[in-house]
Amino acid sequence: MHPILSSLRRLAIYLLAWLLIGLLLSVGLGLSGGGNWLTAVIFFVPLSLVFALITQSAWYVCRIFPLVRGRAWTVGTAQILSAVFASGIWVAAAGGWARTLDVVGVGAAGAALYTTQRPLLFVVGALLFWLVSVFFYLLIAFDASKDAERENVELSLLAREAELRALRAQIDPHFIFNSLHSISSLTATDAAAARRMCLLLADFLRETLRLGGNDQIPLSEELALADRFLAIEQVRLGDRLRITRETDAGAAGCLVPPLLLQPLVENAVNHGIAQLVDGGTIRMAATRTGSTLTITLENPCDPERARTRGVGLGLELLRKRLTNQYGATDAVYAQEREGEFRVEIRIPAVIGVPA
Amino acid sequence: MTSSEEPALRVIVVDDEELARALLRELLGAHPDIEIIAECGNGFEAVKAVTDKKPDLVLLDVQMPKLDGFDVLELIGTDVPVIFVTAYDQYAIKAFQVHAVDYLLKPFGAERLAEALARARTRIGAREALPAKALVSDARTTRAPLERILIRDRADVHVIPVAKIDYIESQDDYVQLKVGDRQLLKEQTLAELEQLLDPGRFVRIHRRYLLNVARLARIEQAVTESRVAILQDGTELPISRSGYAKLREIL
């Protein structure tokens, strides 16, 4: 969108400014060139209004050749050529206008003015063209800074929303409904087991709330939370769900965003183990190599399972979260191959005491 | 609530979780007029048990491996009333579309179960069975294109991923699926199945044939005006004029 031609109001203001320029030209060039007031105004005011429209082309020059560091020569050349071209057209138009005035008989003085002031007219035209260019460059810079500001606000809003949604998505309410159903069943057959399950569930929920409030927690705490979740699911799924875990000592102390693993273990249970008649083993591993913490989670899955529920959502949210936090877009790598699902998370290994 | 003169309801309980089955066993135990004739841990067992034992009512979990509750219902048809049992409420609308008797949300108690059983008795008393075909198409219209086709062969169930199908041939009220060396019959018309499959992958090349486009090797001109599709395994299928137009659109 052209910033001036697209709005009648702006165009009117702009033309008014050029009317002023036209009057100045009448004084500067007309009177000094030996003309009288009237002929100078009749000659220069319409001409400057025409040039006002011609110089609007500077907008496109400014858009095509933005002020970028290292491109000064290109921009300069483009501006010089455009100014020469625009001013050339203007001077030609001035010639035409002078002849028209001559023929109509309004004043032979116009033609005289044109002949004497032609070189000066050309220079003034080029300068005016550049003035308009500068104006457009300022406008572009102003818009860009406004856009950047809005984008920043939008980004931080998005980040906060993603964070909130991620937190909310961490605990699937159906997990709680299913657990309560299991407890309800156990109360008649195994009261002690029902009580154990109640305590497990309460522990898990309390820890989720506590850890979720922190920015960073040690990986060991995150893994302990995943253990609690899986212990509850083991009550529900029985011996179909098996778990192995390997954590090297260097990895356990690394700081991670809270509830990082929760959507992953939930996926592994719901879309992996629970979809297999004979169940399978969830394998978790965490290692630290140099400055990178690598966490992997593997589980068997049925390649022919019906994919109706939102499988990718948890992964997608996690990806966004880690991108927000570490700026790396490749922190999460997931793949499914021949009935094995594998997720790998690579984040910077940071050791410290959480605030 | 129930009188002793009524005949006992013969019920099959289907859930992949032992604890959930145990709870139903316990709660149903309070109803003297209910007899659990089978417990199944997955959909295959459920289809087999329903076929062999002809129950009066099935209590059916939705989330199960391989075949979910809706798959099982599609395979057993409406001959048997079904009460769905699940922790997820998002399937409720679909459950009513397939004319389930009731929809129990986990966790539920004795009262809610009794209510569902009473509803089942009313349904059985009214004998309002629905034709299986209407049921399947009702349930499917809201779904994405089929990814797999379920075929019931007496008590056995075959799950065929659509990518493995070479072509499907119409046989009156049945369709015959050609899957590698196997030929499988399913009670459904070719037109119905065509609607359920992805039109970008399966093309009705002839009144009697629905072709998996991925299997097409080339098209040959036979006698005037008629064409033949040659599949990768050398099978030849006739192509009608409108079938040829559809094929050209996709290729």
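Computed over the stretch B:146-250, the convex hull of the alpha-carbon atoms projects to a mean area of 6.5 nm².
Helix A:8-25 and the long axis of chain A differ in direction by around 40°, with both axes built from C-alpha atoms. Which links in B:K66/B:K164; B:K94/B:K178; B:K53/B:K164; B:K53/B:K178; B:K54/B:K106; B:K66/B:K246 stretch past 23 Å when you go from one Cα to the other? From B:K66/B:K164; B:K94/B:K178; B:K53/B:K164; B:K53/B:K178; B:K54/B:K106; B:K66/B:K246, over 23 Å: B:K94/B:K178; B:K53/B:K164; B:K53/B:K178; B:K54/B:K106; B:K66/B:K246.
Counting, for every residue in A:182-193, the Cβ atoms of other protein chains within 10 Å of its Cβ and taking the mean gives 4. Using just its DSSP H runs of length 4 or more, each adding -39500 (n - 2.57), the protein assembly as shown gives a mean residue ellipticity at 222 nm of -16500 deg cm²/dmol after division by all residues. The value of relative contact order for chain B, using C-alpha pairs under 8 Å at least six residues apart, is 11 percent. For chain A, the relative contact order comes to 11 percent (Cα pairs under 8 Å, sequence separation of at least 6). Fewest neighbouring Cβ atoms within 10 Å first, the residues A:Y326, B:Y167 line up as A:Y326, B:Y167. The angle between the Cα long axis of helix A:312-326 and the longest principal axis of the Cα atoms of chain A comes to about 60 degrees, rounded to the nearest 10.
Residue exposure proxy: A:S7, B:S170, A:S185, A:S145, ordered by other Cβ atoms within 10 angstrom of their Cβ from fewest to most, comes out as A:S145, A:S7, B:S170, A:S185. From least to most packed, judged by other beta carbons within 10 angstrom and beginning with the fewest, A:L155, A:L317 follow the order A:L155, A:L317. If the chain linking A:M1 and A:Y333 were pulled fully straight, counting 0.36 nm for each residue of separation and taking away their Cα-Cα distance, it would gain 115.3 nm. The largest-to-smallest principal axis extents of the Cα set in chain B are 75, 33, 31 Å.
Just to be sure I understand the curve: with the Debye formula and one point per C-alpha of the protein assembly as shown, what is log10 I(q)/I(0) at q = 0.05, 0.10, 0.11 Å⁻¹? Calculated log10 I(q)/I(0) at the listed q: -0.46, -0.97, -1.07. Helix A:219-237 axis versus longest C-alpha principal axis of chain A: approximately 60°, rounded to the nearest ten.
Taken together, the values in this text are just the output of simple stated rules run on the coordinates, not laboratory data. In this text, all values refer to a predicted model and were calculated from it rather than measured experimentally. Note: ideal-geometry Cβ built from the backbone for every residue, glycine included; neighbour counts use all protein chains shown.
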